[in-house]
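The structure appears below as C-alpha coordinates.
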Amino acid sequence: MTQSPEALSHALLSAAKAAGADTADAMVATGQSLSIEVRNGKLEHAERSEGLDLGLRVLIGQRQAVVSTSDARPETLTTMAERAVAMAKEAPEDPYAGLASSDQLAKTWDIDALELCDPSEEPSPDTLKTDALEAEAAALTVTDVAQVQGAGAGYGHHRIHLANSNGFSGGYTRTTRSLSATAIAGSGTEMERDYDGDSRTFQSDLRDATEIGRTAGERAVARFGARKPETGSFPILFDERIAASLIGHLLSASNGAAIARGASWLKDSLGEQVLPAQMSVIEDPTRPRVAGSRPFDGEGLATQRRAIIEDGVLTGWTLDLASARKLGLQSTGNAARGIGSIPSPANWNISLTPGEHSRRDLLRDMGTGLLVTSMIGSTINPNTGDYSRGASGFWVIDGEISHPVNECTIAGNLKDMLRAMIAANDARSYLSRVVPSLLIEGMTVAGS
(Lines give C-alpha, C1' and ligand atoms only; values in the text may rest on other atoms or scores of the structure.)
Protein backbone atom coordinates (compact mmCIF):
# COMPACT_ATOMS: atom_id res chain seq x y z
CA MET A 1 0.00 0.00 0.00
CA THR A 2 1.52 3.30 -1.09
CA GLN A 3 -1.31 5.57 0.04
CA SER A 4 -2.30 6.26 3.63
CA PRO A 5 -5.74 5.28 4.96
CA GLU A 6 -6.64 8.98 4.98
CA ALA A 7 -5.69 9.40 1.33
CA LEU A 8 -7.54 6.24 0.33
CA SER A 9 -10.73 7.28 2.12
CA HIS A 10 -10.73 10.59 0.29
CA ALA A 11 -9.99 8.84 -3.00
CA LEU A 12 -13.08 6.71 -2.40
CA LEU A 13 -15.19 9.82 -1.80
CA SER A 14 -13.92 11.35 -5.03
CA ALA A 15 -14.75 8.17 -6.92
CA ALA A 16 -18.24 8.12 -5.42
CA LYS A 17 -18.87 11.72 -6.42
CA ALA A 18 -17.66 11.03 -9.95
CA ALA A 19 -19.94 8.00 -10.15
CA GLY A 20 -22.99 10.12 -9.29
CA ALA A 21 -23.49 9.62 -5.55
CA ASP A 22 -25.37 12.37 -3.75
CA THR A 23 -23.43 11.77 -0.52
CA ALA A 24 -21.03 9.11 0.68
CA ASP A 25 -18.80 8.00 3.51
CA ALA A 26 -15.70 5.84 3.37
CA MET A 27 -13.83 3.79 5.93
CA VAL A 28 -10.34 2.39 5.43
CA ALA A 29 -8.68 0.00 7.86
CA THR A 30 -5.16 -1.36 7.86
CA GLY A 31 -3.79 -3.83 10.32
CA GLN A 32 -1.21 -6.38 11.20
CA SER A 33 -1.40 -9.12 13.78
CA LEU A 34 0.88 -11.81 15.14
CA SER A 35 -0.23 -14.77 17.23
CA ILE A 36 1.72 -17.66 18.74
CA GLU A 37 0.30 -20.81 20.34
CA VAL A 38 2.29 -23.45 22.19
CA ARG A 39 1.51 -26.92 23.53
CA ASN A 40 3.61 -29.46 25.40
CA GLY A 41 6.53 -27.05 25.45
CA LYS A 42 6.61 -26.68 21.67
CA LEU A 43 5.34 -24.29 19.08
CA GLU A 44 1.86 -25.39 18.03
CA HIS A 45 0.79 -22.58 15.69
CA ALA A 46 2.16 -19.27 14.45
CA GLU A 47 0.28 -16.81 12.32
CA ARG A 48 1.06 -13.39 10.98
CA SER A 49 -1.33 -11.36 8.88
CA GLU A 50 -1.39 -7.95 7.29
CA GLY A 51 -4.47 -6.50 5.69
CA LEU A 52 -6.10 -3.55 3.99
CA ASP A 53 -9.88 -3.13 3.84
CA LEU A 54 -11.84 -0.36 2.16
CA GLY A 55 -15.56 0.25 2.62
CA LEU A 56 -17.77 2.74 0.80
CA ARG A 57 -21.37 3.71 1.53
CA VAL A 58 -23.15 5.82 -1.07
CA LEU A 59 -26.55 7.47 -0.94
CA ILE A 60 -28.83 8.43 -3.80
CA GLY A 61 -31.55 10.39 -2.12
CA GLN A 62 -32.86 8.04 0.60
CA ARG A 63 -31.46 4.92 -1.04
CA GLN A 64 -28.14 3.53 0.14
CA ALA A 65 -25.69 0.75 -0.65
CA VAL A 66 -22.42 -0.46 0.84
CA VAL A 67 -19.52 -2.13 -0.97
CA SER A 68 -16.07 -3.19 0.20
CA THR A 69 -12.77 -4.39 -1.19
CA SER A 70 -9.16 -5.08 -0.23
CA ASP A 71 -7.77 -3.80 -3.53
CA ALA A 72 -6.56 -0.20 -3.47
CA ARG A 73 -5.76 0.20 -7.18
CA PRO A 74 -7.35 3.36 -8.67
CA GLU A 75 -9.30 1.40 -11.26
CA THR A 76 -10.76 -0.78 -8.51
CA LEU A 77 -11.90 2.25 -6.54
CA THR A 78 -13.64 3.59 -9.63
CA THR A 79 -15.39 0.28 -10.31
CA MET A 80 -16.28 -0.03 -6.65
CA ALA A 81 -17.94 3.39 -6.58
CA GLU A 82 -19.83 2.77 -9.83
CA ARG A 83 -21.12 -0.55 -8.49
CA ALA A 84 -22.22 1.07 -5.22
CA VAL A 85 -24.13 3.82 -7.05
CA ALA A 86 -25.84 1.25 -9.30
CA MET A 87 -26.84 -0.79 -6.25
CA ALA A 88 -28.16 2.27 -4.41
CA LYS A 89 -30.38 3.21 -7.33
CA GLU A 90 -32.07 -0.19 -7.07
CA ALA A 91 -32.30 -0.26 -3.28
CA PRO A 92 -35.58 0.50 -1.49
CA GLU A 93 -35.95 3.94 0.01
CA ASP A 94 -35.10 4.29 3.68
CA PRO A 95 -36.57 7.50 5.12
CA TYR A 96 -34.07 7.38 8.00
CA ALA A 97 -30.88 6.86 5.99
CA GLY A 98 -28.41 9.70 5.65
CA LEU A 99 -25.18 11.24 6.83
CA ALA A 100 -24.83 13.59 9.75
CA SER A 101 -25.29 17.29 9.16
CA SER A 102 -22.11 19.35 9.39
CA ASP A 103 -23.10 20.81 12.76
CA GLN A 104 -23.38 17.29 14.25
CA LEU A 105 -19.86 16.21 13.30
CA ALA A 106 -16.98 16.02 15.72
CA LYS A 107 -14.66 18.96 15.19
CA THR A 108 -11.77 18.41 17.60
CA TRP A 109 -10.48 15.62 19.81
CA ASP A 110 -7.39 14.76 21.82
CA ILE A 111 -6.28 11.38 20.51
CA ASP A 112 -3.13 11.37 22.66
CA ALA A 113 -5.20 11.56 25.84
CA LEU A 114 -6.91 8.29 24.98
CA GLU A 115 -3.60 6.39 24.73
CA LEU A 116 -4.97 3.93 22.20
CA CYS A 117 -1.58 2.98 20.78
CA ASP A 118 1.46 1.57 22.58
CA PRO A 119 4.55 3.30 21.12
CA SER A 120 6.87 0.47 22.09
CA GLU A 121 8.23 -1.87 19.43
CA GLU A 122 6.25 -4.78 18.04
CA PRO A 123 7.20 -7.95 19.94
CA SER A 124 9.13 -10.61 18.05
CA PRO A 125 7.66 -14.10 17.53
CA ASP A 126 10.29 -15.44 19.94
CA THR A 127 9.16 -13.00 22.63
CA LEU A 128 5.54 -14.06 22.27
CA LYS A 129 6.57 -17.72 22.26
CA THR A 130 8.53 -17.23 25.47
CA ASP A 131 5.52 -15.62 27.16
CA ALA A 132 3.21 -18.43 26.05
CA LEU A 133 5.66 -21.11 27.22
CA GLU A 134 5.97 -19.39 30.58
CA ALA A 135 2.19 -19.39 31.01
CA GLU A 136 1.98 -23.07 30.05
CA ALA A 137 4.78 -24.04 32.44
CA ALA A 138 3.13 -22.15 35.29
CA ALA A 139 -0.16 -23.96 34.74
CA LEU A 140 1.61 -27.33 34.85
CA THR A 141 3.12 -26.55 38.24
CA VAL A 142 -0.36 -26.59 39.80
CA THR A 143 -1.00 -29.89 41.55
CA ASP A 144 -3.54 -32.11 39.72
CA VAL A 145 -3.32 -30.24 36.41
CA ALA A 146 -3.14 -33.09 33.89
CA GLN A 147 -2.31 -31.05 30.80
CA VAL A 148 -2.49 -27.63 29.25
CA GLN A 149 -4.78 -27.51 26.26
CA GLY A 150 -2.91 -24.53 24.95
CA ALA A 151 -1.30 -21.22 25.74
CA GLY A 152 -1.03 -18.28 23.41
CA ALA A 153 0.24 -14.74 23.04
CA GLY A 154 -0.67 -12.14 20.46
CA TYR A 155 -0.10 -8.64 19.18
CA GLY A 156 -2.16 -6.41 16.92
CA HIS A 157 -1.66 -2.98 15.36
CA HIS A 158 -4.62 -1.45 13.53
CA ARG A 159 -5.35 1.90 11.97
CA ILE A 160 -8.68 3.24 10.72
CA HIS A 161 -9.73 6.38 8.92
CA LEU A 162 -13.28 7.61 8.34
CA ALA A 163 -14.25 10.37 5.95
CA ASN A 164 -17.56 11.58 4.55
CA SER A 165 -18.73 14.00 1.92
CA ASN A 166 -20.14 16.35 4.56
CA GLY A 167 -16.63 17.31 5.61
CA PHE A 168 -15.65 14.87 8.36
CA SER A 169 -12.21 13.25 8.27
CA GLY A 170 -10.60 11.49 11.21
CA GLY A 171 -8.63 8.42 12.17
CA TYR A 172 -6.67 6.72 14.91
CA THR A 173 -4.35 3.81 15.58
CA ARG A 174 -4.94 1.08 18.15
CA THR A 175 -2.70 -1.67 19.54
CA THR A 176 -3.59 -4.84 21.44
CA ARG A 177 -1.47 -7.26 23.48
CA SER A 178 -2.87 -10.57 24.71
CA LEU A 179 -1.86 -13.64 26.68
CA SER A 180 -3.93 -16.67 27.72
CA ALA A 181 -3.78 -20.27 28.93
CA THR A 182 -6.30 -23.13 29.20
CA ALA A 183 -5.61 -25.90 31.71
CA ILE A 184 -7.22 -29.34 32.13
CA ALA A 185 -7.65 -31.33 35.32
CA GLY A 186 -8.59 -35.02 35.30
CA SER A 187 -8.77 -37.38 32.32
CA GLY A 188 -11.21 -39.22 30.08
CA THR A 189 -14.84 -38.38 30.82
CA GLU A 190 -13.85 -36.75 34.10
CA MET A 191 -11.93 -33.85 32.61
CA GLU A 192 -12.58 -30.27 33.66
CA ARG A 193 -11.01 -27.23 32.04
CA ASP A 194 -10.75 -23.55 32.76
CA TYR A 195 -8.71 -20.63 31.55
CA ASP A 196 -7.26 -17.27 32.34
CA GLY A 197 -6.14 -14.50 30.05
CA ASP A 198 -5.53 -10.82 29.63
CA SER A 199 -5.76 -8.30 26.81
CA ARG A 200 -4.40 -4.76 27.04
CA THR A 201 -3.48 -1.80 24.90
CA PHE A 202 0.01 -1.44 26.41
CA GLN A 203 2.48 -4.27 26.93
CA SER A 204 3.48 -2.78 30.28
CA ASP A 205 -0.08 -3.26 31.57
CA LEU A 206 -0.34 -6.93 30.58
CA ARG A 207 -0.52 -9.29 33.52
CA ASP A 208 2.42 -11.59 34.20
CA ALA A 209 2.52 -14.85 32.21
CA THR A 210 3.22 -16.91 35.34
CA GLU A 211 0.19 -15.46 37.10
CA ILE A 212 -2.06 -16.17 34.11
CA GLY A 213 -0.87 -19.77 33.78
CA ARG A 214 -1.11 -20.50 37.48
CA THR A 215 -4.61 -19.02 37.72
CA ALA A 216 -5.79 -21.12 34.77
CA GLY A 217 -4.46 -24.24 36.48
CA GLU A 218 -6.02 -23.42 39.84
CA ARG A 219 -9.38 -22.73 38.24
CA ALA A 220 -9.35 -26.04 36.36
CA VAL A 221 -8.45 -28.02 39.48
CA ALA A 222 -11.17 -26.29 41.48
CA ARG A 223 -13.78 -27.51 38.97
CA PHE A 224 -12.71 -31.16 39.17
CA GLY A 225 -15.34 -33.53 40.54
CA ALA A 226 -18.28 -31.34 39.56
CA ARG A 227 -21.80 -32.72 39.86
CA LYS A 228 -25.32 -31.48 39.25
CA PRO A 229 -26.84 -29.24 41.93
CA GLU A 230 -30.26 -29.78 43.39
CA THR A 231 -33.30 -28.24 41.75
CA GLY A 232 -35.14 -25.39 43.40
CA SER A 233 -35.23 -21.66 44.04
CA PHE A 234 -31.92 -20.33 45.34
CA PRO A 235 -29.83 -17.15 45.46
CA ILE A 236 -27.28 -16.97 42.66
CA LEU A 237 -24.00 -15.08 42.76
CA PHE A 238 -22.71 -14.24 39.30
CA ASP A 239 -18.92 -14.17 39.53
CA GLU A 240 -17.18 -11.03 38.30
CA ARG A 241 -15.82 -13.00 35.33
CA ILE A 242 -19.30 -13.36 33.85
CA ALA A 243 -21.42 -10.73 35.64
CA ALA A 244 -20.99 -8.28 32.75
CA SER A 245 -23.23 -10.53 30.65
CA LEU A 246 -26.22 -9.46 32.77
CA ILE A 247 -25.51 -5.81 32.08
CA GLY A 248 -25.00 -6.78 28.45
CA HIS A 249 -28.63 -7.95 28.28
CA LEU A 250 -29.69 -4.60 29.73
CA LEU A 251 -27.65 -2.74 27.13
CA SER A 252 -29.14 -4.83 24.31
CA ALA A 253 -32.64 -4.01 25.52
CA SER A 254 -31.84 -0.26 25.61
CA ASN A 255 -30.32 -0.29 22.13
CA GLY A 256 -32.10 2.16 19.86
CA ALA A 257 -32.42 -0.32 17.01
CA ALA A 258 -34.35 -2.74 19.26
CA ILE A 259 -36.49 0.08 20.63
CA ALA A 260 -37.33 1.32 17.13
CA ARG A 261 -38.44 -2.23 16.19
CA GLY A 262 -40.50 -2.50 19.35
CA ALA A 263 -38.58 -5.66 20.24
CA SER A 264 -37.36 -4.88 23.74
CA TRP A 265 -38.56 -5.67 27.23
CA LEU A 266 -37.45 -2.14 28.17
CA LYS A 267 -39.43 -0.33 25.47
CA ASP A 268 -41.92 1.15 27.96
CA SER A 269 -39.41 1.71 30.78
CA LEU A 270 -37.85 5.07 29.92
CA GLY A 271 -37.71 7.17 33.07
CA GLU A 272 -38.54 4.19 35.26
CA GLN A 273 -36.59 2.26 37.89
CA VAL A 274 -34.81 -0.70 36.27
CA LEU A 275 -31.94 -1.16 38.75
CA PRO A 276 -31.65 -0.65 42.52
CA ALA A 277 -31.74 3.04 43.41
CA GLN A 278 -28.05 3.24 44.31
CA MET A 279 -26.85 1.85 40.97
CA SER A 280 -25.90 3.68 37.78
CA VAL A 281 -24.60 2.45 34.43
CA ILE A 282 -22.10 4.95 33.02
CA GLU A 283 -20.74 4.88 29.49
CA ASP A 284 -17.37 6.59 29.10
CA PRO A 285 -15.49 6.28 25.78
CA THR A 286 -12.75 8.65 27.01
CA ARG A 287 -10.98 6.25 29.41
CA PRO A 288 -7.26 5.97 28.53
CA ARG A 289 -5.81 2.62 27.45
CA VAL A 290 -9.18 0.87 27.28
CA ALA A 291 -10.46 -1.14 24.32
CA GLY A 292 -13.83 0.61 24.11
CA SER A 293 -12.42 4.13 23.95
CA ARG A 294 -12.62 6.21 20.76
CA PRO A 295 -12.75 9.91 19.88
CA PHE A 296 -15.68 9.67 17.44
CA ASP A 297 -18.22 7.11 16.33
CA GLY A 298 -18.76 5.36 13.01
CA GLU A 299 -20.66 8.35 11.60
CA GLY A 300 -18.18 11.03 12.63
CA LEU A 301 -20.05 12.23 15.72
CA ALA A 302 -18.19 12.95 18.94
CA THR A 303 -18.45 10.25 21.55
CA GLN A 304 -19.52 11.31 25.02
CA ARG A 305 -19.67 10.25 28.63
CA ARG A 306 -23.27 9.66 29.65
CA ALA A 307 -25.41 7.93 32.26
CA ILE A 308 -27.53 5.27 30.59
CA ILE A 309 -29.02 4.50 33.99
CA GLU A 310 -28.76 7.00 36.80
CA ASP A 311 -29.61 6.05 40.38
CA GLY A 312 -31.48 3.06 39.02
CA VAL A 313 -33.56 5.04 36.49
CA LEU A 314 -33.30 4.42 32.73
CA THR A 315 -32.46 7.81 31.21
CA GLY A 316 -32.25 7.11 27.48
CA TRP A 317 -31.46 4.83 24.56
CA THR A 318 -28.22 4.04 22.75
CA LEU A 319 -28.63 5.67 19.34
CA ASP A 320 -27.00 6.09 15.97
CA LEU A 321 -28.39 8.55 13.42
CA ALA A 322 -30.92 6.18 11.83
CA SER A 323 -32.41 4.87 15.07
CA ALA A 324 -32.51 8.40 16.48
CA ARG A 325 -34.44 9.64 13.45
CA LYS A 326 -36.91 6.75 13.76
CA LEU A 327 -37.56 7.69 17.38
CA GLY A 328 -37.55 11.46 16.86
CA LEU A 329 -34.44 11.88 19.01
CA GLN A 330 -30.78 12.87 18.64
CA SER A 331 -27.92 10.41 18.15
CA THR A 332 -25.91 9.67 21.28
CA GLY A 333 -22.71 9.21 19.24
CA ASN A 334 -22.89 5.41 19.40
CA ALA A 335 -22.73 4.37 15.76
CA ALA A 336 -20.53 1.35 15.10
CA ARG A 337 -19.82 0.03 11.65
CA GLY A 338 -17.82 -2.57 9.85
CA ILE A 339 -16.07 -2.08 6.56
CA GLY A 340 -18.93 -3.69 4.63
CA SER A 341 -21.93 -2.74 6.75
CA ILE A 342 -24.09 0.25 7.51
CA PRO A 343 -23.84 1.88 10.96
CA SER A 344 -25.79 0.50 13.91
CA PRO A 345 -25.96 1.48 17.60
CA ALA A 346 -23.39 -0.05 19.98
CA ASN A 347 -22.04 0.72 23.42
CA TRP A 348 -18.50 1.74 24.33
CA ASN A 349 -16.91 1.45 27.81
CA ILE A 350 -19.43 0.63 30.53
CA SER A 351 -19.18 0.68 34.33
CA LEU A 352 -21.71 -0.33 36.97
CA THR A 353 -21.73 1.29 40.40
CA PRO A 354 -19.90 -1.08 42.79
CA GLY A 355 -21.31 -2.18 46.12
CA GLU A 356 -19.83 -1.74 49.57
CA HIS A 357 -19.10 -5.39 50.31
CA SER A 358 -16.67 -7.98 48.99
CA ARG A 359 -17.59 -11.11 47.08
CA ARG A 360 -16.71 -13.04 50.24
CA ASP A 361 -19.34 -11.00 52.12
CA LEU A 362 -22.01 -11.78 49.50
CA LEU A 363 -21.16 -15.49 49.63
CA ARG A 364 -21.58 -15.42 53.40
CA ASP A 365 -24.89 -13.59 53.19
CA MET A 366 -26.40 -15.79 50.46
CA GLY A 367 -26.46 -18.86 52.69
CA THR A 368 -27.14 -21.79 50.38
CA GLY A 369 -27.11 -21.22 46.63
CA LEU A 370 -25.05 -21.19 43.47
CA LEU A 371 -21.88 -19.30 42.58
CA VAL A 372 -21.82 -19.16 38.77
CA THR A 373 -18.39 -18.90 37.14
CA SER A 374 -19.22 -19.86 33.55
CA MET A 375 -22.27 -20.07 31.30
CA ILE A 376 -23.10 -21.64 27.95
CA GLY A 377 -25.95 -21.03 25.54
CA SER A 378 -28.82 -18.70 26.23
CA THR A 379 -32.53 -18.31 25.73
CA ILE A 380 -33.46 -14.68 26.20
CA ASN A 381 -36.90 -13.51 25.13
CA PRO A 382 -36.28 -9.96 23.84
CA ASN A 383 -39.90 -8.93 24.39
CA THR A 384 -40.49 -10.26 27.90
CA GLY A 385 -36.99 -10.51 29.38
CA ASP A 386 -37.44 -14.19 30.28
CA TYR A 387 -33.96 -15.56 30.94
CA SER A 388 -32.55 -19.10 30.82
CA ARG A 389 -28.91 -20.18 30.55
CA GLY A 390 -26.76 -23.22 31.12
CA ALA A 391 -24.35 -22.70 34.00
CA SER A 392 -21.56 -24.20 36.05
CA GLY A 393 -19.70 -23.07 39.14
CA PHE A 394 -19.80 -23.95 42.84
CA TRP A 395 -22.47 -24.91 45.32
CA VAL A 396 -22.52 -22.78 48.44
CA ILE A 397 -23.77 -24.12 51.78
CA ASP A 398 -24.12 -21.86 54.81
CA GLY A 399 -22.05 -19.18 53.13
CA GLU A 400 -19.11 -21.45 52.25
CA ILE A 401 -18.15 -23.00 48.92
CA SER A 402 -18.89 -26.72 49.21
CA HIS A 403 -18.19 -28.36 45.84
CA PRO A 404 -18.12 -27.66 42.08
CA VAL A 405 -21.30 -28.10 40.03
CA ASN A 406 -22.12 -28.30 36.34
CA GLU A 407 -24.84 -29.33 33.89
CA CYS A 408 -27.50 -27.07 35.35
CA THR A 409 -29.79 -24.33 34.08
CA ILE A 410 -30.59 -21.05 35.77
CA ALA A 411 -33.73 -19.11 34.95
CA GLY A 412 -35.61 -15.95 35.87
CA ASN A 413 -36.87 -12.72 34.36
CA LEU A 414 -34.40 -9.93 33.68
CA LYS A 415 -36.78 -7.21 34.87
CA ASP A 416 -37.03 -8.81 38.29
CA MET A 417 -33.41 -9.98 38.41
CA LEU A 418 -31.88 -6.59 37.69
CA ARG A 419 -34.11 -4.62 40.06
CA ALA A 420 -33.13 -6.88 42.95
CA MET A 421 -29.43 -7.46 42.39
CA ILE A 422 -26.73 -6.65 44.92
CA ALA A 423 -23.26 -5.65 43.70
CA ALA A 424 -19.91 -6.57 45.22
CA ASN A 425 -16.81 -4.35 45.04
CA ASP A 426 -14.49 -6.65 43.04
CA ALA A 427 -14.73 -5.22 39.50
CA ARG A 428 -11.53 -4.94 37.47
CA SER A 429 -11.15 -1.27 36.65
CA TYR A 430 -9.11 -1.78 33.47
CA LEU A 431 -11.78 -3.70 31.55
CA SER A 432 -14.04 -2.11 28.97
CA ARG A 433 -17.02 -3.38 30.97
CA VAL A 434 -16.37 -2.76 34.65
CA VAL A 435 -18.95 -4.89 36.44
CA PRO A 436 -18.50 -6.53 39.87
CA SER A 437 -19.90 -9.85 41.08
CA LEU A 438 -23.70 -9.66 41.33
CA LEU A 439 -25.98 -11.46 43.78
CA ILE A 440 -29.58 -12.17 42.78
CA GLU A 441 -32.05 -13.75 45.17
CA GLY A 442 -34.61 -16.39 44.27
CA MET A 443 -33.69 -17.62 40.82
CA THR A 444 -34.65 -21.08 39.60
CA VAL A 445 -31.89 -23.69 39.43
CA ALA A 446 -32.62 -26.85 37.43
CA GLY A 447 -30.14 -29.61 38.21
CA SER A 448 -30.59 -33.16 39.42
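The values are calculated or read from the model by the stated rules, or taken from the named source; none is laboratory data. As the structure is a computational prediction, the values presented were derived from the model and not from experiment. Heads up, the Cβs are rebuilt from the backbone with ideal geometry, glycines too, and the neighbour counts pull from every protein chain shown. When the accessible area is computed, the model is the full protein with side chains, heavy atoms only, and any ligands, DNA or RNA have been set aside. Shrake-Rupley method; radii C 1.70, N 1.55, O 1.52, S 1.80 Å.
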Of (1) touching a residue at least 40 places away in the same chain (Cβ under 8 Å); (2) under 14 Å from Val85 (Cα atoms); (3) open to solvent by less than 70 Å² (accessible area, probe 1.4 Å), Ala18 satisfies all except one. Which? (3)
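Taking segment 335-363 as the region of interest, how many residues are more than 30 Å from Asp53 (Cβ to Cβ), touching a strand residue (DSSP E or B) at 6+ places or on another chain (Cβ under 8 Å) and of a type in the set (D, E, K, R)? Let's see the steps before the verdict.
Applying the first criterion (more than 30 Å from Asp53 (Cβ to Cβ)) to segment 335-363 yields 351-363.
Right, trim to touching a strand residue (DSSP E or B) at 6+ places or on another chain (Cβ under 8 Å) and you get 351-355, 357-359, 361-363.
Filter again for of a type in the set (D, E, K, R), leaving 359, 361.
Residues meeting the conditions: 2.
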Identify the residue in segment 117-129 that is more than 30 Å from Gln147 (Cα to Cα) and open to solvent by 70 Å² or more (accessible area, probe 1.4 Å) and, among all such residues, is nearest to the chain's Cα centre (by Cα). Pro119
Test each condition in (1) within 30 Å of Arg223 (Cβ to Cβ); (2) in contact with a Pro (Cβ under 7 Å, 6 or more places away or on another chain) for Thr368 and report the one that comes out false. (2)
Criterion first (farther than 30 Å from Leu59 by Cβ, touching a Gly at 6+ places or on another chain (Cβ under 8 Å) and among the hydroxyl-bearing types (Ser, Thr, Tyr)) does Thr210 satisfy it? no
Listed residues Leu250, Leu327, Leu321, Leu301; which is closer than 23 Å to Asn413 by Cβ and in contact (Cβ under 8 Å) with a residue 24 or more places away in the chain? Leu250
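So which of Ile410, Ile401 is in a strand (DSSP E or B) and open to solvent by less than 10 Å² (accessible area, probe 1.4 Å)? Can you show your working first?
Numbers: Ile401 fails: open to solvent by less than 10 Å² (accessible area, probe 1.4 Å).
Only one candidate passes the filter, namely Ile410.
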Please work out if Ala226 is of a type outside the set (Phe, Trp, Tyr) and either modelled with pLDDT of 95 or more or surrounded by fewer than 18 Cβ atoms within 10 Å (Cβ to Cβ) (or both). no
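State the number of residues belonging to segment 135-151 that are under 17 Å from Val221 (Cβ atoms), outside any loop (DSSP other than H, G, I, E, B) and open to solvent by less than 80 Å² (accessible area, probe 1.4 Å).
Here is the first cut: in segment 135-151, the residues under 17 Å from Val221 (Cβ atoms) are 135-149, 151.
Of the ones still in play, those that are also outside any loop (DSSP other than H, G, I, E, B) are 135-140, 145-149, 151.
Of the ones still in play, those that are also open to solvent by less than 80 Å² (accessible area, probe 1.4 Å) are 135-139, 145-149, 151.
Number satisfying all stated conditions: 11.
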Take segment 73-91 and flag every residue that is touching a strand residue (DSSP E or B) at 6+ places or on another chain (Cβ under 7 Å) and open to solvent by 10 Å² or more (accessible area, probe 1.4 Å). Thr76, Arg83, Met87, Lys89, Ala91
Considering segment 423-439 alone, what residues qualify as being buried (at least 21 other Cβ atoms within 10 Å of the Cβ) and either touching an Asp or Glu at 6+ places or on another chain (Cβ under 8 Å) or among the hydroxyl-bearing types (Ser, Thr, Tyr) (or both)? Ala424, Ala427, Val435, Pro436, Ser437, Leu439
Could you tell me whether segment 95-105 includes any residue that is part of a strand (DSSP E or B) and either crowded, with 18+ Cβ neighbours inside 10 Å or not aliphatic (A, V, I, L, M) (or both)? yes
Return the residue satisfying two criteria in turn: it lies in segment 253-296 and is among the acidic types (Asp, Glu) and within 30 Å of Thr108 (Cβ to Cβ), and of such residues it is surrounded by the most Cβ atoms within 10 Å (Cβ to Cβ). Glu283
Reported set for segment 229-252 where residues are surrounded by fewer than 21 Cβ atoms within 10 Å (Cβ to Cβ) and either of a type in the set (Val, Ile, Thr) or on the phi > 0 side of the Ramachandran plot (or both) is Thr231, Gly232, Ile242
Qualifying residues in segment 106-116 (those that are open to solvent by less than 50 Å² (accessible area, probe 1.4 Å) and in a loop (DSSP other than H, G, I, E, B)) - the one nearest to Gly61 (Cα to Cα): Ala106
Quick check on segment 422-443. Is at least one of its residues modelled with pLDDT of 95 or more, small (Gly, Ala, Ser) and either assigned to a strand (DSSP E or B) or at positive phi (or both)? yes
Can Ala132 be described as at negative phi, part of a helix (DSSP H, G or I) and open to solvent by less than 40 Å² (accessible area, probe 1.4 Å)? yes
Of all residues in segment 182-199, which are open to solvent by 30 Å² or more (accessible area, probe 1.4 Å) and either in contact with a strand residue (DSSP E or B) (Cβ under 6 Å, 6 or more places away or on another chain) or touching a residue at least 40 places away in the same chain (Cβ under 8 Å) (or both)? Thr182, Ser187, Met191, Arg193, Tyr195, Ser199
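In segment 384-398, what residues are exposed (fewer than 15 other Cβ atoms within 10 Å of the Cβ) and in a strand (DSSP E or B)?
Our first condition is that a residue be exposed (fewer than 15 other Cβ atoms within 10 Å of the Cβ); within segment 384-398, this holds for 384, 397-398.
Passing the criteria: only Ile397.
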